[in-house]
Amino acid sequence: MKKSILSLCVALCLSGCVTASLQTKTTMAQSIFMEPTAESEKIIFLAIRNTSGHDINLAQKLENALLQKGYKITKDPNEATFILQTNVLYCDIKQENNATAAATVGAAAGAGVGIYNHSSATAGAIGAAAGAVAGGLLGKLTEDTVFQMQVDINIRQKSQNKVLASNGQNRGAAQVVDRRRAGFTNSFGGPVLDTQGGGELYDNTRNYNDQLTLKDYTEYQTTLLAEATKLNLKLEEALPALEDQVVRQISGIF
């Protein structure tokens with residue numbers, strides 16, 4: 001009976017989302033559409049920042065990607081047609097929450113197998129306990145690790161005409177909502193968990209000074225979220241993949 005319970009629990013738990021190979025995903029908060037530019041005016045100034053606390057290499061990768069697209073990189077913002085400002089706001093590690101769900105499924109499966117094999121409530125209770133333990137352990141072993149990187153993006157493009165702009169600001173902090181991942185076992189589990197703490201930042205900026213100014217550029221802003229997922233994923237493997245995804249998304253704007 002124990003072998004039957006264990007085999008059933010293994011099948012149930014492994015039907016979840018065990019990610020053996022690295023998977024990545026990127027999401028941009030909103031699209032940016034800039035004015036078409038002549039080849040001679042493809043001059044860009046880069047201001048790449050990182051306040052995440054991790055050693056992240058976006059500057060060189062972004063520069064290489066833009067050079068391949070025909071842009072000239074300048075150190076003088078006054079001669080640039082475009083000014084690209086980015087900041088890696090955070091790079092966070094999360095963990096799937098499958099242990100409780102797998103234990104519940106294992107208990108139900110174990111109870112069913114126990115009753116079926118021995119036709120008694122006692123056997124069902126023993127089977128449920130064994131199934132819960134086996135399911136919980138296997139659920140824990142099959143939890144994927146998720147690394148998330150959030151990047152704020154600001155782009156300025158020189159305009160031939162003066163642009164009337166307001167200095168007012170009405171912007172709240174971007175918030176990442178972690179949901180359940182795909183897979184049978186995951187559908188029973190809770191949201192992906194933050195392994196480094198439970199605090200969340202709510203900026204809720206509401207600043208207005210009602211000053212109108214004429215500027216010689218148009219300005220665009222968006223936020224980018226990149227994710228890397230794998231079983232037992234380590235930071236040194238996740239960072240290069242996240243960097244590549246972020247660079248691909250940002251360079252795709254130009």
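Just so it is clear, none of the values below were taken in a lab; they were calculated from the coordinates. Just so you know, these numbers come straight off a predicted model, no measurement behind them. Here the Cβ is made from the backbone with ideal geometry for all residues, glycine too, and neighbour counts use every protein chain on show.
Data table
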quantity	calculated
Residue-by-residue Karplus 3J(HN,Hα) for segment 224-239, coefficients 6.51, -1.76, 1.60, Hz, glycine and proline x	10, 10, 10, 10, 10, 10, 5, 5, 6, 5, 10, 4, 5, 8, 6, 4
By average C-beta atoms within 10 angstrom, highest first, the peptides 57-68, 30-41, 223-234	223-234, 57-68, 30-41
Protection proxy ranking, peptides 76-88, 43-55, average beta carbon neighbours within 10 Å, highest first	76-88, 43-55
